[in-house]
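**Student:** This structure is in structure tokens; I'll ask about it shortly.
Bear in mind these aren't lab numbers, they're just calculated from the coordinates by the rules spelled out. Everything numeric here is computed off the predicted structure, so don't read it as measured data. Cβ: placed from backbone, ideal geometry, glycine included. Neighbour counts: every protein chain shown.
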Amino acid sequence: MPEVGTTIFTVMSQLAQQYNAVNLGQGFPDYEMSGELIELVNKAMVDGMNQYVHMAGLLTLREKLAEKIFNLYGNKVHAGTDITITPGGTYAIFTALTAILQKGDEVIVFEPAYDSYIPNIEINGAVPVLIQLEFPNYSIPWNEVRSKITNRTRAIIINSPHNPTGSVLREEDVEQLRNTVEGTNIFVISDEVYEHLIFDDLPHLSMLRYADLMERSFVCFSFGKTYDCTGWKLGYCVAAPQWMVEFRKVHQFNCFSCNSPAQVGIAAYLNNKEAYLNLGKKVQQKRDFFAGLMEQTAFTALPSHGSYFQCYGYSAYSKLGDREFALKLLKTCGVVTIPVSAFYKNGKDDKVIRFCFAKKEETLQMAVHKLLDLDVGMVD
């Protein structure tokens with residue numbers, strides 16, 4: 001992959017350390033995760049659950065997930081054949097793409113896009129077909145989607161809640177998707193790692209709600225995002241059994257089996273339904289708290305209805321490109337953000353930067369206090 005360098009997240013996080021800056025760039029919480037879940041995983045280790053579990057994941061965990069999916073989305077999935085535990089959501093997406101793609105296949109990708117999608121497609125010899133979401137609401141231009149479909153279109157990648165923008169699928173999007181893929185052999189790769197991080201009383205419109213879409217989908221999730229433990233790198237994929245067979249062919253020769261004690265602990269912790277059912281409200285409070293602080297600044301908020309993130313325009317401060325502005329912000333104010341142009345292959349620059357608000361209140365207060373030192377109309 002000669003054109004691929006170090007990701008923007010690694011670059012900005014390294015600079016955060018170098019400048020001792022407040023890191024609102026990379027998407028991870030800086031607050032403590034559940035002590036109960038830690039104790040359950042520790043107990044699993046002490047009890048000797050330290051060897052390989054089944055290649056597809058601990059059966060008890062998969063059974064709990066099947067129960068959860070039915071309760072949330074009314075769809076019966078089979079724990080034995082339809083669910084595979086993976087080392088993170090990003091791995092699940094890569095494995096799903098690798099399971100279905102052949103050289104020359106095309107995959108529709110909406111930009112701004114999570115940065116693993118395009119390399120995942122290209123490393124499989126396939127071609128990303130890029131469609132830009134409509135700024136500033138980042139909605140899907142469905143007419144353009146239909147115009148880009150060819151006899152080589154193998155998949156469409158859906159991401160809701162969306163990283164980096166916080167936009168979410170609406171019912172009309174689901175209907176458009178259904179109409180678009182009906183009668184085709186097109187797969188849906190659905191990135192739903194922020195499944196429970198959805199705000200403003202909006203429903204999460206998972207592909208698992210819809211039997212017709214479920215039949216053609218690989219739906220990818222993250223325990224790290226649900227339980228504030230991103231460093232554990234555990235997730236899972238759900239797919240119809242005939243497609244999960246292909247997924248597991250790739251999985252067995254790559255990871256084979258995931259962290260056993262963590263799977264045992266999470267299986268037990270899934271009995272605590274409130275931990276994930278209340279997550280959206282908890283994180284929405286952080287979004288709202290951060291938004292209230294940001295009203296003291298001249299940044300312009302774009303809508304965010306989910307995820308860890310909110311995007312802001314900075315036209316009142318500068319005419320610099322977003323990468324240059326993000327670097328200037330880091331060096332001048334000591335606050336790390338991510339330039340949204342990093343999520344476009346061609347570097348499209350709408351003069352927008354992304355903030356992660358999944359932080360302690362004191363972290364957010366410190367960041368905004370630093371931003372208040374920024375002068376409106378500063379000299380670029």
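**Student:** With just the Cα atoms defining each centre, how far is the stretch 1-15 from the stretch 202-217? Give it in Å.
**Tutor:** The two parts, judged by their Cα centres, are 33 Å apart.
**Student:** Next question. Is the shape of the stretch 23-162 best called rounded, prolate or oblate, per the rule: a/c under 1.5 gives rounded, else a/b larger than b/c gives prolate, else oblate, with a ≥ b ≥ c the square roots of the Cα gyration tensor eigenvalues?
**Tutor:** Cα axes put the stretch 23-162 in the prolate bin.
**Student:** Compare Ser139, Ser341, Ser206 in a GNM of the chain, Cα atoms joined below 10 Å, and give the one with the largest fluctuation.
**Tutor:** Result: Ser139 has the largest fluctuation of those listed.
**Student:** For Gln132, list long-range residues whose amide hydrogen, built 1.01 Å from N in the peptide plane, is under 5 Å from its own amide hydrogen.
**Tutor:** Glu111
**Student:** Ok, one more. Residues with amide H under 5 Å of Val335's amide H, sequence separation 5 or more or different chain, H placed in the peptide plane at 1.01 Å from N; which?
**Tutor:** The list, which skips near neighbours in sequence, is Val22, Leu330.
**Student:** Pairs of Cα atoms under 8 Å, at least six residues apart: use those to get the relative contact order of the chain, whole percent.
**Tutor:** Contact order relative to length: 25 percent.
**Student:** Arrange the following residues from fewest to most other Cβ atoms within 10 Å of their Cβ: Met45, Met244.
**Tutor:** Met45, Met244
**Student:** Now, a different point. Among DSSP bridges having both ends in the chain, what percentage is antiparallel? Round to the nearest 5.
**Tutor:** If we restrict to bridges inside the chain, about 50 percent are antiparallel.
**Student:** Oh, and also: Identify which of Glu361, Glu106, Glu172 has the largest mean-square fluctuation in a Gaussian network model of the chain, with springs joining Cα atoms closer than 10 Å.
**Tutor:** Evaluated over the chain, the most mobile residue of the options is Glu172.
**Student:** State which helices in the chain qualify, where a helix is a whole DSSP H run, it must extend 18 Å or more along its own axis by its Cα atoms, and its mean Kyte-Doolittle hydropathy must be at least -0.5.
**Tutor:** Helix filter hits for the chain: 59-73, 279-294.
**Student:** Can you list the lysines whose alpha carbon sits under 29 Å from that of Lys148, skipping same-chain ones fewer than 8 residues off?
**Tutor:** Partners within reach: Lys103, Lys345, Lys348, Lys351.
**Student:** Mind ordering 174-181, 24-31 by average Cβ neighbours within 10 Å, highest first?
**Tutor:** The peptides rank, most packed first, as 24-31, 174-181.
**Student:** What are the trypsin sites (Lys or Arg not before Pro) within the stretch 29-86 that DSSP puts in a loop, where the Cβ has at most 15 other Cβ atoms within 10 Å?
**Tutor:** Lys76
**Student:** Turning to a different aspect of this structure: Find the lysine pairs in the stretch 208-338 meeting two conditions, Cα atoms under 27 Å apart and a separation of 8 or more places or different chains, and report how many there are.
**Tutor:** For the stretch 208-338, qualifying lysine pairs total 18.
**Student:** So, one more: May I ask you to order 319-328, 342-351 by the average number of other C-beta atoms within 10 Å around their residues, highest value first?
**Tutor:** So the order, starting with the most tightly packed, is 319-328, 342-351.
**Student:** Go ahead and estimate [θ] at 222 nm for the chain from helices alone: -39,500 (n - 2.57) per DSSP H run with n ≥ 4, summed, over the residue count, rounded to 500.
**Tutor:** Per the formula, -11500 deg cm²/dmol.
**Student:** Related question: Give, in nm to one decimal, the length gained when the segment between Lys43 and Glu274 is fully stretched (0.36 nm per residue of separation minus the Cα-Cα distance).
**Tutor:** 81.0 nm
**Student:** What ranking do Ser34, Ser307, Ser257 get, fewest neighbouring Cβ atoms within 10 angstrom at the top?
**Tutor:** Ser34, Ser257, Ser307
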